[in-house]
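Here, each number is a calculation from the coordinates, and none is a lab measurement. In this text the structure is predicted, and so the values were computed from the model without any measurement. Cβ atoms come from the backbone with ideal geometry, glycine included; neighbour counts cover every protein chain shown.
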Amino acid sequence: MLCLAIRLCLGRLSYSFLKLRKRPRRRLRRRLAAGFRDCFYGIPGTDPPAMTLEWAMAELIKNPKYMRKAQEEVRRVVKDKGKVEDSDLQYLPYLHNVVKETLRLHPPGPLLLPHECIIDTKINGYDILTKTRVFINAWAIARDAKFWSDEPEAFRPERFEKMGDVDFKGHHFELIPFGAGRRICPGMMLGVVAVELALANVLNRFDWELPCGMRCEEMDMSEAGFRMVSHKKVPLTVVAIPAVIRKKGNKKKLRLIVLTQIAIKQAWMLSILIRFVVFDTIFCNNLSTK
């Protein structure tokens, strides 16, 4: 899948170069830069983990009871360590279900990457000829009531406790946010671990609220039109309250307005979020010692 994506991007770059070679150099540079951006930030890059993290936070804030349950699990496992480490993730099954439910409702690539039929095939009475370009609608499959009977449009992490071993690793075709088979996303496990680790740390160190008295029912959860990557239409804006300060009962409750796109759209924003969490962990530890 990664090789196919890079090949598509390089093909686009070659086409842009041939088409624009007689046009102003500035326009050519812009087109080439856009092609490289798609190659490294798009479906095969770092945009999907950042986008999945934003959707997970949005769904948890919209459903406070699931937020509390996830925070209780994380804080019970981490205790006084201060931060969540890779070794702690195996003890966070509910957090893993939250990520799975987020990937079900908001797959990084709703139509996956394009495939091509290599032999003549017949499916449900339709003839699919060789060389036919095929798109798999993973978004629709993950919301099909035939496979997801318990409110398929609702955010319910507990559904995976009843469904046993249903996972996104390509063995269960009702949940294929990363594709399946030989062309499954090669960065799947790296991306999932990055999302789980970042999500666990922000849930552990902070309590989250909507700004300006906004209610959960007023959140806009719509997607930003038809794209290869499903971004949130309205960027998430939240208020972070360091958990240490809340425990001490400080009336002023230091509030930090998070730069709202919790890690979105540019590759370096994910690293900024992680640095933000590390900085505030140190900051809150210093406050608790005073």
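Values for this structure:
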read-out: Protection proxy ranking, peptides 62-71, 83-92, average beta carbon neighbours within 10 Å, highest first; value: 62-71, 83-92
read-out: ³J(HN,Hα), Karplus 6.51/-1.76/1.60, whole Hz, each residue of the stretch 138-145, x for Gly, Pro; value: 5, 4, 6, 4, 6, 10, 6, 5
read-out: Amide proton proximity set for Asp207, modelled H, under 5 Å, gap of 5+; value: Ile241, Ala243
read-out: Highest to lowest packing among 102-110, 209-217, scored as the average C-beta count within 10 Å; value: 102-110, 209-217
read-out: ³J(HN,Hα) computed for each position of the stretch 212-219 - Karplus, 6.51 cos²θ - 1.76 cosθ + 1.60, integer Hz, glycine/proline x; value: 6, x, 5, 9, 4, 5, 8, 5
read-out: Net charge dipole size for the stretch 62-162 [Lys, Arg +1 and Asp, Glu -1 on Cβ; Debye, nearest 20]; value: 320 debye
read-out: The stretch 70-109 - convex hull of alpha carbons, volume per residue in Å³; value: 78 Å³
read-out: The stretch 99-169 - Rg (one decimal) and Dmax (whole number), Cα, Å; value: 15.1, 42
read-out: Amide H contacts under 5 Å for Ile184, placed H, 5+ residues apart; value: none
